[in-house]
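Just below is one structure, and these are the notes that go with it.
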Amino acid sequence: MIAPALIRAVIADLDWTTERWDDLVEYRLKGTPRPWRQPDELDPIRKAIADALARVERAEVERWGRAPGFSPAPLHVSTLDVMVDIVAEADTLHETLAQYLGHDRLDPATSAFDDPTRFLRYAAARVADAATESDDLFDLVAEKAAQMRTAIAHELGEVEDGQTLEAICPFCVGVTSRHPAGGAKTLRFRMIDDRLRKGEKEAVIVCESGLCQPFAAECSVWVKGKPAWRFPDWEWLAERLLPAV
């Protein structure tokens, strides 16, 4: 049985993506400032993400000979890519739910840049039904909801507790009970109680594969039994990240 808190969390992810779609559409135009919604103290986290992902992007440049999304167009091409992905994922998710639950489908997307909010609301209204129908169906909805939220947050330059890092842990190579061959994106940003400053929070990157066991020299902090890296270690960790496929 799926816990009610998990159902609410998935609905929250879908609702957040719906609410931020307009921000994403606006940001596609070059010169549009990112709609920062995070407090100033997260600035170092944004910088660390950029540093961490720069290595992954360099790997793509070496592989393909140019940066992902390169174009002289006066638009943020990476934003357009995210918009296309969100529309496709939301439409597919709504169709999957309709098929499994026996509900009527909505009209399909009319273009790659169609507004996906009707699909997102459709999915949000059926999360509880998905949880009742099948654990696998609920897991699929939860995974897609988290991916869409993370994609928008990353494109807008925002960091949230629980956000997925688009790279593979170098110590477990993404091996989980559901992905025995590896490749799962198991690294998450988490806000935990600061051990030195009572009442304050600090950001850490945690590998949540459940199977990650780095050596003591590679990880000195553990959060609820999972290896974690504090901000001073992020540059070191970034040098070891593996590109996500």
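Inspect all residues belonging to the range 1-12 and state whether any of them is farther than 27 Å from Val141 by Cα, at pLDDT below 85 and either part of a helix (DSSP H, G or I) or not basic (Lys, Arg) (or both).
no
Tally time: how many residues in the range 110-142 are surrounded by fewer than 20 Cβ atoms within 10 Å (Cβ to Cβ) and either at pLDDT below 90 or over 17 Å from Ala3 (Cα atoms) (or both)?
The total comes to 9.
Which residue out of Glu218, Glu208, Glu200 is surrounded by fewer than 16 Cβ atoms within 10 Å (Cβ to Cβ), closer than 28 Å to Trp236 by Cβ, charged (D, E, K, R) and modelled with pLDDT of 90 or more?
None of the others qualify; the one that does is Glu218.
Counting only residues that are surrounded by 14 or more Cβ atoms within 10 Å (Cβ to Cβ) and in a helix (DSSP H, G or I), how many does the range 99-109 have?
The qualifying residues number 2.
Scanning for something surrounded by fewer than 18 Cβ atoms within 10 Å (Cβ to Cβ) and either touching an Asp or Glu at 6+ places or on another chain (Cβ under 9 Å) or modelled with pLDDT under 55 (or both), does the range 83-98 turn up at least one residue?
Yes, the range 83-98 contains at least one residue that is surrounded by fewer than 18 Cβ atoms within 10 Å (Cβ to Cβ) and either touching an Asp or Glu at 6+ places or on another chain (Cβ under 9 Å) or modelled with pLDDT under 55 (or both).
For Phe231, are the conditions met, namely being under 21 Å from the mean Cα position of the chain (by Cα) and of a type outside the set (Lys, Arg)?
Yes.
In this structure, does Glu155 turn out to be free of Cβ contacts under 8 Å to residues at least 24 places away in the same chain, closer than 26 Å to Val127 by Cβ and touching a Ser or Thr at 6+ places or on another chain (Cβ under 7 Å)?
Spelling it out, it is not the case that Glu155 is free of Cβ contacts under 8 Å to residues at least 24 places away in the same chain, closer than 26 Å to Val127 by Cβ and touching a Ser or Thr at 6+ places or on another chain (Cβ under 7 Å).
Hey, does the range 150-172 have a residue that's surrounded by 19 or more Cβ atoms within 10 Å (Cβ to Cβ), polar (S, T, N, Q) and either in a helix (DSSP H, G or I) or over 10 Å from the mean Cα position of the chain (by Cα) (or both)?
Within the range 150-172, one or more residues are surrounded by 19 or more Cβ atoms within 10 Å (Cβ to Cβ), polar (S, T, N, Q) and either in a helix (DSSP H, G or I) or over 10 Å from the mean Cα position of the chain (by Cα) (or both).
Is there a residue being touching a helix residue (DSSP H, G or I) at 6+ places or on another chain (Cβ under 9 Å) and outside any helix (DSSP H, G or I) anywhere in the range 120-130?
Yes: the range 120-130 contains one or more residues that are touching a helix residue (DSSP H, G or I) at 6+ places or on another chain (Cβ under 9 Å) and outside any helix (DSSP H, G or I).
The values are calculated or read from the model by the stated rules, or taken from the named source; none is laboratory data. Since we're looking at a predicted model, the values are computed, not measured. Positions of Cβ are backbone-derived with ideal geometry, glycine not excepted, and every protein chain shown enters the neighbour counts.
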